[in-house]
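*Asks:* Below are the C-alpha coordinates for one structure; questions will follow.
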Amino acid sequence: MKTRHLGEFETHAGCAAVARGVARSREGGRKALAALDLHERAQLLRRLGKDLLKAPEAAGLEGPLAMAASMAAACLRDYPSGKLIPCGQPREAGEALAQRVMMPRAGVAFLCGSDAPHMIEAMGAAILSGLPCLFCAPEPGPLAGLADTVAARGLLPQGVLQAIAASPAELAPHLLPEDVICLSRLTPGAFALQHHPLIAAGEVLLERSPQGQVLAILGPDLGPDSPALRDFIDQTLSQTPPGLPAPMVILPRELSRALAGLDLLLAPYDAPEQAAALARRACPGDLHLISQDEGFLCATLRALGGHVGKAVLDQTTRVSPCSDRALRFMVRVEITAAPARMTELTGIWHPGAPVRQDDKGGPAGHPFRKVLGELRPGDRLVTASRVITESDVEHFAHLTGDLFYAHMDAEAARAHPFFEDRVAHGQLVVSFANGLLVDPAPGPVLANLGSDALRFHNPVYFGTALHVEMTCKQIIPRPGADFGEVRWACRVLDDKGRLAAQYDLLTLVLKQWPAPAGR
(Lines give C-alpha, C1' and ligand atoms only; values in the text may rest on other atoms or scores of the structure.)
Protein backbone atom coordinates (compact mmCIF):
# COMPACT_ATOMS: atom_id res chain seq x y z
CA MET A 1 0.00 0.00 0.00
CA LYS A 2 1.28 3.44 -0.90
CA THR A 3 2.11 5.63 2.07
CA ARG A 4 0.21 8.92 1.90
CA HIS A 5 2.07 11.82 3.46
CA LEU A 6 0.59 14.68 5.40
CA GLY A 7 -0.87 17.24 2.98
CA GLU A 8 -1.72 14.60 0.33
CA PHE A 9 -5.41 13.76 -0.11
CA GLU A 10 -7.12 11.05 -2.09
CA THR A 11 -9.50 11.79 -4.95
CA HIS A 12 -12.89 10.17 -4.32
CA ALA A 13 -15.52 9.02 -6.80
CA GLY A 14 -17.91 11.75 -5.75
CA CYS A 15 -15.45 14.53 -6.43
CA ALA A 16 -17.00 15.39 -9.81
CA ALA A 17 -20.32 16.24 -8.15
CA VAL A 18 -18.50 18.13 -5.40
CA ALA A 19 -16.55 20.07 -8.02
CA ARG A 20 -19.76 21.08 -9.79
CA GLY A 21 -21.30 22.33 -6.54
CA VAL A 22 -18.17 24.27 -5.61
CA ALA A 23 -18.05 25.81 -9.09
CA ARG A 24 -21.67 27.00 -8.78
CA SER A 25 -20.79 28.62 -5.46
CA ARG A 26 -17.69 30.35 -6.78
CA GLU A 27 -19.17 31.50 -10.07
CA GLY A 28 -22.82 32.17 -9.25
CA GLY A 29 -23.19 32.55 -5.49
CA ARG A 30 -20.03 34.58 -4.94
CA LYS A 31 -20.88 36.96 -7.77
CA ALA A 32 -24.44 37.46 -6.47
CA LEU A 33 -23.31 38.28 -2.93
CA ALA A 34 -20.45 40.50 -4.12
CA ALA A 35 -23.01 42.76 -5.79
CA LEU A 36 -24.72 43.42 -2.42
CA ASP A 37 -23.65 45.64 0.46
CA LEU A 38 -23.89 44.57 4.10
CA HIS A 39 -27.43 45.84 4.70
CA GLU A 40 -28.67 44.18 1.50
CA ARG A 41 -27.14 40.86 2.58
CA ALA A 42 -28.72 41.28 6.03
CA GLN A 43 -32.11 41.90 4.45
CA LEU A 44 -31.64 38.81 2.29
CA LEU A 45 -30.95 36.71 5.38
CA ARG A 46 -33.90 38.14 7.30
CA ARG A 47 -36.28 37.34 4.44
CA LEU A 48 -34.80 33.86 4.19
CA GLY A 49 -35.47 33.21 7.87
CA LYS A 50 -39.07 34.42 7.64
CA ASP A 51 -39.79 32.38 4.50
CA LEU A 52 -38.19 29.18 5.82
CA LEU A 53 -40.09 29.33 9.10
CA LYS A 54 -43.25 28.75 7.06
CA ALA A 55 -41.80 25.73 5.25
CA PRO A 56 -42.56 22.17 6.47
CA GLU A 57 -38.92 21.24 5.82
CA ALA A 58 -37.88 23.68 8.58
CA ALA A 59 -39.77 21.85 11.31
CA GLY A 60 -37.47 21.53 14.30
CA LEU A 61 -35.09 24.19 12.99
CA GLU A 62 -37.13 27.20 14.08
CA GLY A 63 -34.68 28.21 16.84
CA PRO A 64 -31.54 28.25 14.66
CA LEU A 65 -33.36 30.08 11.84
CA ALA A 66 -34.61 32.72 14.29
CA MET A 67 -31.03 33.07 15.57
CA ALA A 68 -29.75 33.68 12.03
CA ALA A 69 -32.44 36.32 11.48
CA SER A 70 -31.49 38.02 14.76
CA MET A 71 -27.86 38.17 13.58
CA ALA A 72 -29.04 40.00 10.47
CA ALA A 73 -31.05 42.43 12.60
CA ALA A 74 -27.97 43.08 14.78
CA CYS A 75 -25.93 43.99 11.68
CA LEU A 76 -28.63 46.37 10.45
CA ARG A 77 -28.65 48.00 13.88
CA ASP A 78 -24.93 48.12 14.67
CA TYR A 79 -23.15 48.70 11.36
CA PRO A 80 -23.41 51.09 8.42
CA SER A 81 -24.11 49.74 4.99
CA GLY A 82 -21.42 49.47 2.33
CA LYS A 83 -18.85 47.10 0.86
CA LEU A 84 -16.17 48.18 3.36
CA ILE A 85 -17.36 48.34 6.98
CA PRO A 86 -15.35 50.65 9.31
CA CYS A 87 -14.21 49.27 12.67
CA GLY A 88 -13.81 52.05 15.23
CA GLN A 89 -12.60 55.56 14.48
CA PRO A 90 -9.97 56.52 11.91
CA ARG A 91 -6.64 57.95 12.98
CA GLU A 92 -4.51 60.56 11.28
CA ALA A 93 -1.56 59.26 9.27
CA GLY A 94 0.17 62.41 8.08
CA GLU A 95 -2.18 64.08 5.59
CA ALA A 96 -4.07 60.80 5.13
CA LEU A 97 -6.35 58.73 7.35
CA ALA A 98 -5.80 55.16 8.57
CA GLN A 99 -8.98 53.17 9.13
CA ARG A 100 -9.46 49.53 10.09
CA VAL A 101 -12.23 48.02 7.96
CA MET A 102 -14.00 44.71 7.42
CA MET A 103 -14.47 43.41 3.89
CA PRO A 104 -15.86 40.17 2.39
CA ARG A 105 -13.58 37.26 1.60
CA ALA A 106 -13.36 36.09 -1.99
CA GLY A 107 -14.02 32.43 -1.14
CA VAL A 108 -16.85 30.11 -0.15
CA ALA A 109 -17.93 28.62 3.18
CA PHE A 110 -17.88 24.81 3.60
CA LEU A 111 -20.19 23.91 6.51
CA CYS A 112 -19.34 20.35 7.51
CA GLY A 113 -21.52 18.32 9.84
CA SER A 114 -25.05 17.53 10.89
CA ASP A 115 -25.16 19.86 13.93
CA ALA A 116 -28.04 21.95 12.53
CA PRO A 117 -27.98 24.80 15.11
CA HIS A 118 -24.26 25.44 14.61
CA MET A 119 -24.36 24.98 10.82
CA ILE A 120 -27.34 27.34 10.39
CA GLU A 121 -25.68 29.94 12.63
CA ALA A 122 -22.51 29.61 10.54
CA MET A 123 -24.59 29.90 7.36
CA GLY A 124 -26.02 33.19 8.61
CA ALA A 125 -22.56 34.53 9.46
CA ALA A 126 -21.23 33.43 6.08
CA ILE A 127 -23.99 35.10 4.06
CA LEU A 128 -23.63 38.30 6.10
CA SER A 129 -19.89 38.15 5.44
CA GLY A 130 -20.46 37.75 1.69
CA LEU A 131 -19.65 34.02 1.42
CA PRO A 132 -21.82 31.49 -0.47
CA CYS A 133 -22.40 28.32 1.57
CA LEU A 134 -22.15 24.58 1.00
CA PHE A 135 -23.68 22.22 3.56
CA CYS A 136 -21.30 19.24 3.45
CA ALA A 137 -22.18 15.82 4.87
CA PRO A 138 -21.64 12.26 3.59
CA GLU A 139 -25.34 11.43 4.07
CA PRO A 140 -28.46 13.53 3.33
CA GLY A 141 -30.11 15.15 6.33
CA PRO A 142 -32.29 18.10 7.42
CA LEU A 143 -29.72 20.64 6.21
CA ALA A 144 -29.72 19.15 2.71
CA GLY A 145 -33.52 19.33 2.72
CA LEU A 146 -33.32 22.95 3.78
CA ALA A 147 -30.93 23.77 0.92
CA ASP A 148 -33.22 21.98 -1.57
CA THR A 149 -36.20 24.03 -0.33
CA VAL A 150 -34.24 27.27 -0.72
CA ALA A 151 -33.30 26.34 -4.29
CA ALA A 152 -36.79 25.14 -5.26
CA ARG A 153 -38.46 28.31 -3.97
CA GLY A 154 -35.78 30.69 -5.24
CA LEU A 155 -35.30 32.18 -1.77
CA LEU A 156 -31.63 33.01 -2.44
CA PRO A 157 -29.71 33.82 -5.61
CA GLN A 158 -28.49 30.71 -7.42
CA GLY A 159 -25.36 29.24 -5.89
CA VAL A 160 -25.59 31.07 -2.55
CA LEU A 161 -26.72 27.97 -0.60
CA GLN A 162 -26.29 24.33 -1.66
CA ALA A 163 -25.85 20.90 -0.11
CA ILE A 164 -23.26 18.41 -1.36
CA ALA A 165 -22.49 14.84 -0.31
CA ALA A 166 -18.90 15.15 0.87
CA SER A 167 -16.76 14.46 3.91
CA PRO A 168 -14.22 17.04 5.09
CA ALA A 169 -11.38 15.07 3.49
CA GLU A 170 -13.12 15.18 0.08
CA LEU A 171 -13.07 18.98 0.17
CA ALA A 172 -9.29 19.22 0.23
CA PRO A 173 -8.73 19.32 -3.57
CA HIS A 174 -11.29 22.10 -3.96
CA LEU A 175 -9.97 24.59 -1.41
CA LEU A 176 -8.71 27.99 -2.49
CA PRO A 177 -7.33 30.94 -0.48
CA GLU A 178 -10.00 32.92 1.44
CA ASP A 179 -12.31 29.91 1.81
CA VAL A 180 -13.83 29.11 5.22
CA ILE A 181 -14.42 25.64 6.70
CA CYS A 182 -16.68 25.10 9.72
CA LEU A 183 -16.46 21.69 11.41
CA SER A 184 -19.16 20.51 13.82
CA ARG A 185 -16.88 17.78 15.18
CA LEU A 186 -13.30 16.63 14.73
CA THR A 187 -13.49 13.31 12.83
CA PRO A 188 -10.33 11.55 11.60
CA GLY A 189 -10.91 13.02 8.11
CA ALA A 190 -11.43 16.46 9.58
CA PHE A 191 -8.27 16.05 11.64
CA ALA A 192 -6.28 15.30 8.49
CA LEU A 193 -7.78 18.38 6.84
CA GLN A 194 -6.17 20.55 9.51
CA HIS A 195 -2.81 19.82 7.88
CA HIS A 196 -3.85 21.06 4.43
CA PRO A 197 -1.17 23.54 3.24
CA LEU A 198 -3.66 26.41 2.79
CA ILE A 199 -5.06 25.86 6.30
CA ALA A 200 -1.60 25.52 7.84
CA ALA A 201 -0.59 28.79 6.12
CA GLY A 202 -3.69 30.58 7.41
CA GLU A 203 -5.03 31.25 3.90
CA VAL A 204 -8.13 29.14 4.57
CA LEU A 205 -9.97 29.79 7.82
CA LEU A 206 -10.84 26.66 9.83
CA GLU A 207 -13.46 27.01 12.57
CA ARG A 208 -14.27 24.14 14.90
CA SER A 209 -17.66 24.12 16.61
CA PRO A 210 -17.73 24.33 20.40
CA GLN A 211 -20.87 22.15 20.02
CA GLY A 212 -22.89 25.02 21.44
CA GLN A 213 -22.73 23.57 24.95
CA VAL A 214 -23.69 25.80 27.85
CA LEU A 215 -21.06 25.84 30.58
CA ALA A 216 -21.90 27.49 33.88
CA ILE A 217 -20.22 27.90 37.26
CA LEU A 218 -22.51 28.35 40.25
CA GLY A 219 -20.95 30.18 43.18
CA PRO A 220 -20.71 28.90 46.77
CA ASP A 221 -23.21 31.56 47.89
CA LEU A 222 -26.09 29.82 46.06
CA GLY A 223 -28.37 27.51 48.03
CA PRO A 224 -31.06 25.04 46.92
CA ASP A 225 -33.74 27.72 47.34
CA SER A 226 -31.82 30.63 45.77
CA PRO A 227 -33.90 32.48 43.14
CA ALA A 228 -30.80 32.68 40.92
CA LEU A 229 -30.51 28.89 40.95
CA ARG A 230 -34.17 28.39 40.02
CA ASP A 231 -33.86 30.98 37.22
CA PHE A 232 -30.77 29.24 35.91
CA ILE A 233 -32.48 25.85 35.83
CA ASP A 234 -35.66 27.14 34.17
CA GLN A 235 -34.01 29.34 31.56
CA THR A 236 -31.07 27.13 30.67
CA LEU A 237 -33.14 23.99 30.15
CA SER A 238 -35.80 25.81 28.16
CA GLN A 239 -33.31 27.60 25.89
CA THR A 240 -30.98 24.72 25.01
CA PRO A 241 -31.94 23.71 21.44
CA PRO A 242 -32.68 20.03 20.79
CA GLY A 243 -29.70 18.06 19.54
CA LEU A 244 -27.07 19.99 21.50
CA PRO A 245 -25.15 18.46 24.41
CA ALA A 246 -26.71 18.91 27.82
CA PRO A 247 -25.46 22.00 29.68
CA MET A 248 -22.48 21.38 31.95
CA VAL A 249 -22.76 22.89 35.42
CA ILE A 250 -19.84 23.29 37.83
CA LEU A 251 -21.43 23.69 41.26
CA PRO A 252 -20.93 23.26 45.01
CA ARG A 253 -21.33 19.61 45.93
CA GLU A 254 -24.21 20.37 48.30
CA LEU A 255 -26.24 21.64 45.32
CA SER A 256 -25.87 18.41 43.36
CA ARG A 257 -28.90 16.85 45.02
CA ALA A 258 -31.08 19.85 44.09
CA LEU A 259 -30.21 19.40 40.39
CA ALA A 260 -30.19 15.57 40.32
CA GLY A 261 -32.43 14.07 37.66
CA LEU A 262 -32.33 17.11 35.35
CA ASP A 263 -30.83 17.01 31.86
CA LEU A 264 -27.57 18.56 33.05
CA LEU A 265 -23.98 17.39 33.27
CA LEU A 266 -22.93 18.07 36.86
CA ALA A 267 -19.34 18.67 37.96
CA PRO A 268 -19.36 19.26 41.75
CA TYR A 269 -16.56 21.01 43.62
CA ASP A 270 -15.75 20.89 47.34
CA ALA A 271 -13.73 24.12 47.55
CA PRO A 272 -14.30 27.31 45.50
CA GLU A 273 -10.77 27.25 44.04
CA GLN A 274 -11.58 23.89 42.37
CA ALA A 275 -14.26 25.50 40.16
CA ALA A 276 -11.77 27.21 37.84
CA ALA A 277 -9.72 24.02 37.45
CA LEU A 278 -12.83 22.12 36.35
CA ALA A 279 -13.69 24.88 33.88
CA ARG A 280 -10.18 24.84 32.41
CA ARG A 281 -10.48 21.12 31.71
CA ALA A 282 -13.78 21.72 29.91
CA CYS A 283 -12.06 24.33 27.62
CA PRO A 284 -15.10 26.60 27.29
CA GLY A 285 -15.40 29.37 24.72
CA ASP A 286 -18.17 31.16 26.61
CA LEU A 287 -18.94 30.74 30.29
CA HIS A 288 -21.83 31.77 32.53
CA LEU A 289 -20.57 32.66 36.01
CA ILE A 290 -23.46 32.98 38.47
CA SER A 291 -22.68 34.33 41.91
CA GLN A 292 -23.10 37.41 44.09
CA ASP A 293 -19.84 36.68 45.92
CA GLU A 294 -17.39 39.30 44.63
CA GLY A 295 -14.35 37.47 45.99
CA PHE A 296 -15.37 34.23 44.26
CA LEU A 297 -16.07 36.02 40.95
CA CYS A 298 -12.73 37.82 40.90
CA ALA A 299 -10.71 34.79 42.02
CA THR A 300 -12.36 32.54 39.42
CA LEU A 301 -11.82 35.00 36.58
CA ARG A 302 -8.16 35.43 37.54
CA ALA A 303 -7.64 31.67 37.74
CA LEU A 304 -9.27 31.08 34.35
CA GLY A 305 -6.97 33.59 32.66
CA GLY A 306 -7.00 33.09 28.90
CA HIS A 307 -8.87 29.77 29.04
CA VAL A 308 -12.23 31.47 28.48
CA GLY A 309 -13.14 33.64 25.52
CA LYS A 310 -16.05 35.40 27.22
CA ALA A 311 -17.54 35.29 30.70
CA VAL A 312 -21.13 36.37 31.36
CA LEU A 313 -21.65 37.39 34.98
CA ASP A 314 -24.91 37.02 36.91
CA GLN A 315 -26.89 36.19 33.78
CA THR A 316 -28.64 32.89 33.35
CA THR A 317 -29.84 33.19 29.75
CA ARG A 318 -27.82 32.04 26.77
CA VAL A 319 -25.78 34.69 25.02
CA SER A 320 -27.78 36.03 22.09
CA PRO A 321 -26.10 36.40 18.70
CA CYS A 322 -24.18 39.64 18.37
CA SER A 323 -23.11 41.56 15.31
CA ASP A 324 -19.39 40.94 16.02
CA ARG A 325 -19.88 37.19 15.79
CA ALA A 326 -22.14 37.61 12.77
CA LEU A 327 -19.29 39.20 10.80
CA ARG A 328 -16.50 36.97 12.09
CA PHE A 329 -15.71 35.57 8.61
CA MET A 330 -14.93 38.96 7.10
CA VAL A 331 -11.36 40.05 6.46
CA ARG A 332 -10.06 42.81 8.71
CA VAL A 333 -7.48 45.13 7.21
CA GLU A 334 -6.22 48.65 7.83
CA ILE A 335 -6.39 50.97 4.85
CA THR A 336 -4.67 54.34 4.49
CA ALA A 337 -6.13 56.89 2.12
CA ALA A 338 -6.72 60.61 1.65
CA PRO A 339 -9.95 61.88 3.25
CA ALA A 340 -11.74 62.11 -0.12
CA ARG A 341 -10.85 58.53 -1.03
CA MET A 342 -11.71 57.26 2.45
CA THR A 343 -15.13 58.90 2.12
CA GLU A 344 -15.69 57.16 -1.22
CA LEU A 345 -14.65 53.78 0.16
CA THR A 346 -16.62 53.84 3.41
CA GLY A 347 -19.57 56.09 2.56
CA ILE A 348 -18.76 58.18 5.66
CA TRP A 349 -17.69 61.80 5.16
CA HIS A 350 -14.35 62.75 6.74
CA PRO A 351 -12.98 66.27 7.33
CA GLY A 352 -10.85 67.25 4.35
CA ALA A 353 -13.13 65.49 1.85
CA PRO A 354 -15.11 67.62 -0.64
CA VAL A 355 -18.36 69.24 0.50
CA ARG A 356 -21.42 70.46 -1.42
CA GLN A 357 -22.96 73.67 -0.20
CA ASP A 358 -26.02 75.34 -1.68
CA ASP A 359 -25.04 79.00 -2.17
CA LYS A 360 -28.56 80.16 -3.03
CA GLY A 361 -29.63 80.33 0.60
CA GLY A 362 -33.22 80.16 1.79
CA PRO A 363 -35.27 77.12 2.76
CA ALA A 364 -34.87 75.42 -0.65
CA GLY A 365 -31.13 75.02 -0.13
CA HIS A 366 -31.35 73.71 3.43
CA PRO A 367 -30.27 70.04 3.81
CA PHE A 368 -33.26 69.47 6.11
CA ARG A 369 -35.50 70.01 3.06
CA LYS A 370 -34.02 66.95 1.31
CA VAL A 371 -35.51 63.46 1.51
CA LEU A 372 -33.16 60.60 2.34
CA GLY A 373 -32.43 59.67 -1.28
CA GLU A 374 -31.42 63.24 -2.15
CA LEU A 375 -28.87 63.58 0.63
CA ARG A 376 -25.21 62.74 0.08
CA PRO A 377 -22.29 62.59 2.52
CA GLY A 378 -20.61 65.96 2.25
CA ASP A 379 -23.81 68.05 1.91
CA ARG A 380 -23.09 71.12 4.02
CA LEU A 381 -24.96 74.00 5.65
CA VAL A 382 -23.22 77.07 7.11
CA THR A 383 -25.68 78.96 9.30
CA ALA A 384 -26.11 82.60 10.14
CA SER A 385 -24.54 83.89 13.37
CA ARG A 386 -25.97 84.56 16.80
CA VAL A 387 -24.36 86.69 19.50
CA ILE A 388 -24.25 85.28 23.03
CA THR A 389 -25.32 87.90 25.57
CA GLU A 390 -25.22 88.19 29.35
CA SER A 391 -29.01 88.09 29.34
CA ASP A 392 -28.96 84.78 27.44
CA VAL A 393 -26.65 83.19 30.01
CA GLU A 394 -28.54 84.44 33.07
CA HIS A 395 -31.90 83.42 31.64
CA PHE A 396 -30.56 79.93 30.82
CA ALA A 397 -28.99 79.63 34.29
CA HIS A 398 -32.23 80.41 36.13
CA LEU A 399 -34.34 78.37 33.71
CA THR A 400 -32.22 75.23 34.20
CA GLY A 401 -30.96 75.81 37.74
CA ASP A 402 -27.33 75.63 36.55
CA LEU A 403 -25.90 78.52 38.60
CA PHE A 404 -22.27 77.36 38.44
CA TYR A 405 -20.03 80.25 39.48
CA ALA A 406 -18.15 80.44 36.16
CA HIS A 407 -21.43 81.48 34.51
CA MET A 408 -22.74 83.80 37.23
CA ASP A 409 -19.89 85.35 39.26
CA ALA A 410 -17.43 87.50 37.29
CA GLU A 411 -14.85 87.75 40.07
CA ALA A 412 -14.84 84.00 40.71
CA ALA A 413 -14.75 83.27 36.96
CA ARG A 414 -11.66 85.48 36.51
CA ALA A 415 -9.93 83.52 39.27
CA HIS A 416 -10.59 80.30 37.36
CA PRO A 417 -7.42 78.77 35.83
CA PHE A 418 -9.02 78.45 32.37
CA PHE A 419 -11.41 81.42 32.05
CA GLU A 420 -10.85 85.16 31.62
CA ASP A 421 -14.41 86.11 32.56
CA ARG A 422 -17.92 84.69 32.86
CA VAL A 423 -18.63 82.06 30.22
CA ALA A 424 -21.70 80.64 28.51
CA HIS A 425 -22.94 77.20 29.52
CA GLY A 426 -21.80 74.46 27.18
CA GLN A 427 -25.36 73.19 26.86
CA LEU A 428 -26.52 76.71 26.03
CA VAL A 429 -23.99 76.80 23.18
CA VAL A 430 -25.31 73.47 21.85
CA SER A 431 -28.94 74.58 22.24
CA PHE A 432 -28.27 77.79 20.29
CA ALA A 433 -26.36 75.77 17.67
CA ASN A 434 -29.34 73.47 17.15
CA GLY A 435 -31.57 76.52 16.89
CA LEU A 436 -29.33 77.98 14.19
CA LEU A 437 -29.22 74.87 12.05
CA VAL A 438 -32.83 73.73 12.25
CA ASP A 439 -35.38 74.40 9.51
CA PRO A 440 -38.64 75.00 11.38
CA ALA A 441 -41.25 74.15 8.72
CA PRO A 442 -42.64 70.61 8.39
CA GLY A 443 -40.42 68.55 6.13
CA PRO A 444 -38.56 65.27 5.69
CA VAL A 445 -36.76 65.49 9.06
CA LEU A 446 -38.87 63.60 11.61
CA ALA A 447 -36.91 63.78 14.84
CA ASN A 448 -33.66 64.55 16.62
CA LEU A 449 -32.37 61.28 18.11
CA GLY A 450 -29.63 62.95 20.16
CA SER A 451 -25.93 63.58 19.73
CA ASP A 452 -22.66 61.66 19.97
CA ALA A 453 -19.09 62.66 20.80
CA LEU A 454 -19.94 66.12 22.18
CA ARG A 455 -16.84 68.10 23.14
CA PHE A 456 -16.34 71.74 24.21
CA HIS A 457 -13.08 73.18 22.91
CA ASN A 458 -12.96 76.91 23.74
CA PRO A 459 -14.89 79.07 26.22
CA VAL A 460 -17.59 81.37 24.87
CA TYR A 461 -17.71 84.85 26.43
CA PHE A 462 -20.45 87.45 26.29
CA GLY A 463 -20.54 89.25 22.94
CA THR A 464 -19.18 86.28 20.97
CA ALA A 465 -20.93 85.55 17.67
CA LEU A 466 -21.40 81.83 16.96
CA HIS A 467 -22.33 80.01 13.77
CA VAL A 468 -22.60 76.31 12.87
CA GLU A 469 -20.97 74.33 10.09
CA MET A 470 -23.11 71.20 9.61
CA THR A 471 -22.07 68.45 7.18
CA CYS A 472 -23.92 65.26 6.29
CA LYS A 473 -21.57 62.57 7.60
CA GLN A 474 -23.38 59.26 7.17
CA ILE A 475 -26.68 57.99 5.80
CA ILE A 476 -28.10 54.76 7.24
CA PRO A 477 -31.24 53.59 5.40
CA ARG A 478 -33.56 51.46 7.49
CA PRO A 479 -34.74 48.70 5.14
CA GLY A 480 -38.45 48.10 5.39
CA ALA A 481 -39.08 51.52 6.98
CA ASP A 482 -40.14 54.74 5.27
CA PHE A 483 -37.31 56.66 6.95
CA GLY A 484 -33.61 56.32 7.64
CA GLU A 485 -30.99 57.76 9.99
CA VAL A 486 -28.66 60.61 9.10
CA ARG A 487 -25.57 61.56 11.08
CA TRP A 488 -24.44 65.19 10.78
CA ALA A 489 -20.99 66.45 11.78
CA CYS A 490 -21.55 69.78 13.58
CA ARG A 491 -18.84 72.34 14.34
CA VAL A 492 -19.75 75.44 16.35
CA LEU A 493 -17.34 78.27 15.46
CA ASP A 494 -16.89 81.76 16.91
CA ASP A 495 -16.39 84.97 14.92
CA LYS A 496 -12.61 84.40 14.88
CA GLY A 497 -12.97 80.91 13.41
CA ARG A 498 -12.11 79.12 16.67
CA LEU A 499 -13.88 75.87 17.48
CA ALA A 500 -16.26 76.28 20.42
CA ALA A 501 -17.97 72.88 20.32
CA GLN A 502 -18.17 69.79 18.16
CA TYR A 503 -20.64 66.89 18.03
CA ASP A 504 -22.51 64.47 15.77
CA LEU A 505 -26.22 65.18 15.46
CA LEU A 506 -28.49 62.18 14.75
CA THR A 507 -31.81 62.64 12.91
CA LEU A 508 -34.52 60.51 11.35
CA VAL A 509 -35.29 61.53 7.75
CA LEU A 510 -38.17 60.39 5.54
CA LYS A 511 -37.52 58.65 2.23
CA GLN A 512 -40.49 60.45 0.69
CA TRP A 513 -42.00 63.89 1.30
CA PRO A 514 -44.83 64.64 1.65
CA ALA A 515 -45.19 61.46 3.66
CA PRO A 516 -47.38 58.73 2.09
CA ALA A 517 -51.06 58.98 3.01
CA GLY A 518 -52.04 56.97 6.05
CA ARG A 519 -48.51 56.93 7.52
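The values are calculated or read from the model by the stated rules, or taken from the named source; none is laboratory data. As the structure is a computational prediction, the values presented were derived from the model and not from experiment. A quick note on method: Cβ atoms are made from the backbone with ideal geometry, for glycine too, and the neighbour counts reach across all protein chains shown. Please note that ligands, DNA and RNA were not included when accessible areas were found on the heavy atoms of the full protein model with its side chains. Shrake-Rupley method; radii C 1.70, N 1.55, O 1.52, S 1.80 Å.
*Asks:* So what is the accessible area of the chain per residue, in Å², with the probe set to 1.4 Å?
*Replies:* Numbers: 25140 Å² over 519 residues.
Accessible area per residue, the chain: 48 Å².
*Asks:* Quick one: helix 426-437 against the long Cα principal axis of the chain, what's the angle to the nearest 10°, folded into 0 to 90?
*Replies:* Approximately 90 degrees, to the nearest 10.
*Asks:* When Rg is the radius of gyration of the Cα atoms in segment 110-181 and Rh is its Kirkwood radius, what does Rg/Rh come to?
*Replies:* Values: Rg = 11.5 Å, Rh = 12.3 Å.
Answer for segment 110-181: 0.93.
*Asks:* Only sites in a loop by DSSP and with at most 11 other Cβ atoms within 10 Å count here; which GluC sites (Glu not before Pro) in segment 33-112 make the cut?
*Replies:* Values: sites: Glu40, Glu57, Glu62, Glu92, Glu95; in loops: Glu95.
Those satisfying the criteria are Glu95.
*Asks:* So if I place +1 on the C-beta of Lys and Arg and -1 on the C-beta of Asp and Glu, and nothing else carries charge, what would the dipole magnitude of the chain be about its Cα centre? I want it in debye, nearest 20.
*Replies:* Values: 50 positive and 55 negative charges, 339 e Å.
The calculated dipole for the chain is roughly 1620 debye.
*Asks:* Ignoring ligands, DNA and RNA, what percent of the accessible area of the chain is carbon or sulfur (1.4 Å)? Before the final figure, lay out the partial values.
*Replies:* Working: 13450 of 25140 Å².
Of all accessible area on the chain, carbon and sulfur atoms account for 54 percent.
*Asks:* Debye sum, Cα scatterers, the chain, no solvent: what log₁₀ I/I(0) at q = 0.06, 0.07, 0.10, 0.13 1/Å?
*Replies:* -0.43, -0.57, -0.99, -1.22
*Asks:* Give me Rg over Rh for segment 425-519, both radii from the alpha carbons and Rh done the Kirkwood way, two decimal places.
*Replies:* Working: Rg = 15.3 Å, Rh = 14.5 Å.
Using only Cα positions, Rg/Rh for segment 425-519 is 1.05.
*Asks:* What does the C-alpha gyration tensor say about the overall shape of segment 67-217? Classify as rounded when a/c is under 1.5, otherwise prolate if a/b is larger than b/c, or oblate.
*Replies:* Numbers: a/c = 1.74, a/b = 1.44, b/c = 1.21.
Verdict is prolate for segment 67-217.
*Asks:* With unit charges on the beta carbons (Lys and Arg positive, Asp and Glu negative) and the dipole taken about the Cα centre of the chain, which residue among Ala106, Gly63, Gln194 sits farthest to the positive side?
*Replies:* It is Ala106, whose Cα lies furthest towards the positive end.
*Asks:* Does anyone have the angle between helix 116-128 and the longest principal axis of the chain? Alpha-carbon axes, 0 to 90°, nearest 10?
*Replies:* For helix 116-128, the angle is close to 40 degrees.
*Asks:* Still on this structure, I have one more. Assuming 0.36 nm per residue, please report the length gained on full extension of the stretch Glu390 to Asn458 beyond their Cα-Cα distance. Intermediate results must be reported in sequence, preceding the final value.
*Replies:* Details: separation 68, 0.36 × 68 = 24.48 nm, distance 1.76 nm.
Using 0.36 nm per residue and subtracting the Cα-Cα distance, I get 22.7 nm.
*Asks:* Between 0 and 90 degrees, rounded to the nearest ten: what's the tilt of helix 142-153 against the longest Cα principal axis of the chain?
*Replies:* Once rounded, one gets 60 degrees.
*Asks:* For a 21 Å ceiling on Cα separation, which of these pairs sit above it: Lys54/Lys511; Lys473/Lys496; Lys31/Lys83?
*Replies:* Numbers: Lys54/Lys511 31 Å; Lys473/Lys496 25 Å; Lys31/Lys83 13 Å.
Check vs 21 Å cut-off fails for Lys54/Lys511; Lys473/Lys496.
*Asks:* Going by a ≥ b ≥ c, the root eigenvalues of the Cα gyration tensor, does segment 404-463 fall in the rounded group (a/c under 1.5), the prolate group (a/b larger than b/c) or the oblate group?
*Replies:* On the way: a/c = 3.76, a/b = 2.63, b/c = 1.43.
It is prolate, given that a/c is not under 1.5 and a/b is the larger ratio.
*Asks:* At 222 nm, what value in deg cm²/dmol follows for the chain if DSSP H runs of at least 4 each add -39500 (n - 2.57) and the sum is divided by all its residues, to the nearest 500?
*Replies:* Calculated at 222 nm, the ellipticity per residue is -9000 deg cm²/dmol.
*Asks:* Still on this model: Out of all DSSP beta bridges with both ends in the chain, state the antiparallel percent to the nearest 5. Could you put the intermediate results ahead of the total?
*Replies:* Details: 49 of 83 bridges.
Rounded to the nearest five, the antiparallel share is 60 percent.
*Asks:* For an R0 of 56 angstrom, estimate the FRET efficiency from the Cβ-Cβ distance between Asp495 and Asp234 and round to the nearest 0.05.
*Replies:* Numbers: r = 64 Å, r/R0 = 1.15.
So, using R0 = 56 Å, E works out to roughly 0.30.
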